[in-house]
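See below for the structure under consideration.
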Amino acid sequence: MPNLFHALPTEILIRALSFLPGVDLESCKFISRNVRDIIDNSALLRYIIATDLARVEDNPHSNLSISEKYTTLVQRELSWRRFQPDFVQSIDVDYHPMSEVYDFTDGVYFIVPFNRPWLHYLGLSTVSSRALAWSHIQIGSHHTMIDMATAIYENDLIAIVTRSPNPDLRRMFRLELNFWSFRTGNIHPLASQPTILIELTSLLYPSTSFEIMGDLLALTVTHHDSEVKLDDLVSVWNWKTGTPLIRVNAPYKTHPSVTFLTEDILLVPNNAQDTFEFWRIPSSSGDDMSNPIHAIALPPLTIGAWISSVSCRGEPTPLRLSPSLNFDRPFRTSPQQNIIIFYICTESVFIDSFSLTLVVHRHSLVDLINKHLPQVSPEDIQQPLPWESWGPSIARWFVSNGTSTRWITRSAGQRFVSIPSAAAQSPCPITVYDFNPCNVAKMKNYLENRPNPNMFYNDREEELGGDAVYIFETPVRSALPYCGTRSERAYDYDGVLMDEERLLGIKIGPFNEVLSVDVMHFG
């Protein structure tokens with residue numbers, strides 16, 4: 001049989017091997033020297049291995065050749081590992097917009113000016129020679145922007161939450177969803193209801209958090225500044241039809257944020273219970289959605305401690321690539337493999353605040369649900385899975401006090417970025433963390449032979465330090481491996497944002513106005 005295998009034409013062998021995942025192709029190199037040479041000399045097979053190791057998905061519609069895709073991917077991974085951007089651009093921000101309402105994803109940076117009548121955006125380049133120019137979309141003279149989210153490659157969509165006067169009730173405002181086409185700057189043609197009423201509110205600036213995935217939009221509304229403790233709202237809409245699939249009111253400050261775990265499961269933090277809940281998304285508005293399908297608990301808090309806020313992000317969203325998906329990159333991060341990052345602010349009667357970051361892979365949470373959900377009875381749903389039963393081996397805690405956390409768009413794929421909050425006054429290095437297990441193994445092997453003070457890895461279980469003793473009832477341990485790189489240069493940014501290809505260094509002024517933006521492109 002081995003002789004027959006080796007007797008096959010090389011083209012047939014490459015075709016057959018191309019159906020294997022990259023990790024299996026690596027193993028096939030040990031079959032024989034001939035097979036190893038075939039794999040090493042095939043651009044297609046080397047690219048399959050590289051995409052598997054980098055946890056990215058190929059874009060078959062890209063104009064690049066397989067060899068060009070492979071070279072681009074290898075260079076990108078090397079640039080991130082070494083913190084060596086291939087170019088840096090500075091963006092002029094002449095009108096000094098406010099920095100609270102913004103978005104940064106898919107290579108487009110959105111910001112809103114001080115008086116909020118326009119949405120300004122900048123399409124960022126993959127080459128340094130292209131000049132950058134601002135564009136804008138008018139949102140209406142009587143509308144104030146509250147928040148926004150985008151799905152540029154998926155649906156050419158910009159979704160905007162606006163507040164406008166209510167003509168029927170004085171001192172009440174209409175909180176609405178508006179759907180725009182990024183390409184044309186007009187109302188989105190696929191939205192049967194271009195404006196959807198979310199609720200009436202008495203607050204000028206209610207807090208919102210929302211994400212878009214395919215035809216679905218998930219939204220939370222909270223009222224932090226309300227003298228009357230108004231209920232939170234969690235809703236899921238089919239934005240194309242305007243159909244509400246979920247609409248749940250919860251007590252004040254219960255559900256501050258939301259993210260898609262899978263295409264039909266929503267991850268909803270519950271501040272009141274110190275848990276993460278998983279909600280099944282109904283296929284139609286008539287389906288029952290009365291309870292979470294499962295919940296997992298955070299480490300138990302000590303007496304006198306509480307969680308004041310949780311925000312979460314998993315970029316990109318877990319939408320599978322489809323033949324109609326239009327994007328120009330040769331590959332994109334696999335959403336099933338990326339990290340979900342939770343920014344958690346805690347308080348205690350003993351300390352003012354203690355900020356934490358929790359990182360876990362999306363697939364680890366999905367595996368957790370698939371493992372435990374069949375064993376959960378309706379009575380058990382009210383008993384969340386304890387932290388010690390799920391968390392230590394698949395998650396990693398970081399103390400975030402002293403780091404810039406005002407912007408949530410600091411993660412993409414399996415990486416997240418951090419800079420000290422004091423950097424604006426005293427320049428500091430930027431740190432990029434990487435939770436790809438293949439990159440952790442590479443970094444470990446590299447540093448064993450060539451120590452570098454700006455590179456690091458951690459594959460040990462460690463106890464959460466800092467003021468955690470004032471927050472948690474017992475020591476909290478976590479062991480998710482990671483590696484990272486610190487920039488050799490120090491920067492004076494107020495914050496750093498991230499997408500799959502680049503970092504944005506942001507400087508702001510005393511009135512939250514954006515003064516300047518530097519773009520670091522890694523590929």
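The values are calculated or read from the model by the stated rules, or taken from the named source; none is laboratory data. No experiment lies behind these values; they were computed from the predicted model shown. Cβ: placed from backbone, ideal geometry, glycine included. Neighbour counts: every protein chain shown. Just so you know, the surface numbers come from the protein's heavy atoms only, side chains and all, with ligands and any DNA or RNA stripped out. Shrake-Rupley method; radii C 1.70, N 1.55, O 1.52, S 1.80 Å.
Points to keep in mind about this one:
- Residues (in a strand (DSSP E or B) and either open to solvent by 10 Å² or more (accessible area, probe 1.4 Å) or free of Cβ contacts under 8 Å to residues at least 40 places away in the same chain (or both)) located in the stretch 332-343: Arg332, Thr333, Tyr343
- Candidates Glu388, Glu347, Glu379, Glu315: the one that is at pLDDT 95 or above, open to solvent by 30 Å² or more (accessible area, probe 1.4 Å) and of a type in the set (Asp, Glu) is Glu388.
- Filter result (over 25 Å from the mean Cα position of the chain (by Cα) and farther than 15 Å from Leu480 by Cα) within the stretch 440-453: Asn445, Tyr446, Leu447, Glu448, Asn449, Arg450, Pro451, Asn452, Pro453
- Filter pass, Ala424 being within 18 Å of Val399 (Cβ to Cβ), at pLDDT below 95 and among the hydrophobic types (A, V, I, L, M, F, W, C): no
- Criterion: open to solvent by less than 10 Å² (accessible area, probe 1.4 Å), modelled with pLDDT under 95 and among the β-branched types (Val, Ile, Thr) - qualifying residue of Val476, Val514: Val514
- Screening Ser135 on (1) under 30 Å from Phe87 (Cα atoms); (2) open to solvent by less than 30 Å² (accessible area, probe 1.4 Å) shows it passes everything except condition (2).
- Tabulated pairs, the stretch 260-274, first among the charged types (D, E, K, R), second part of a strand (DSSP E or B), C-beta under 8 angstrom, 6+ apart or interchain: Glu263/Met213; Asp264/Arg280; Asp274/Ala297; Asp274/Leu301; Asp274/Ile307
- Residues located in the stretch 296-312, provided they are part of a strand (DSSP E or B), more than 21 Å from the chain's Cα centre (by Cα) and of a type in the set (A, V, I, L, M): Ala297, Leu301, Ala305, Ile307
- Residues that are under 29 Å from Leu298 (Cβ atoms) and surrounded by fewer than 18 Cβ atoms within 10 Å (Cβ to Cβ), drawn from the stretch 445-466: Phe456, Asn458, Asp459, Arg460, Glu461, Glu462, Glu463, Gly465, Gly466
- Test: residue in the stretch 109-123 that is in contact with a strand residue (DSSP E or B) (Cβ under 7 Å, 6 or more places away or on another chain) and open to solvent by 80 Å² or more (accessible area, probe 1.4 Å): yes
- Enumeration of residues in the stretch 432-444 that are open to solvent by 20 Å² or more (accessible area, probe 1.4 Å) and either within 18 Å of Phe342 (Cα to Cα) or without any contact (Cβ under 8 Å) to a residue 24 or more places away in the chain (or both): Tyr433, Ala441
- Number of positions in the stretch 141-166 that are assigned to a strand (DSSP E or B) and hydroxyl-bearing (Ser, Thr, Tyr): 4
- Those residues of the stretch 259-274 which are out of contact with any Asp or Glu (no Cβ under 6 Å at 6 or more places or on another chain) and open to solvent by 10 Å² or more (accessible area, probe 1.4 Å), in sequence order: Thr262, Glu263, Asp264, Ile265, Asn271, Ala272, Gln273, Asp274
- Number of the exception - Tyr457 against (1) farther than 15 Å from Arg415 by Cβ; (2) touching a strand residue (DSSP E or B) at 6+ places or on another chain (Cβ under 7 Å): (1)
- Scanning the stretch 57-97 for residues that are of a type in the set (A, V, I, L, M, F, W, C) and either under 16 Å from Ser135 (Cα atoms) or open to solvent by 80 Å² or more (accessible area, probe 1.4 Å) (or both) returns Val88, Ile91, Val93.
- Identity of the residue in the stretch 415-425, touching a Pro at 6+ places or on another chain (Cβ under 9 Å) and touching a residue at least 40 places away in the same chain (Cβ under 8 Å), that ends up nearest to Arg502 (Cα to Cα): Ile419
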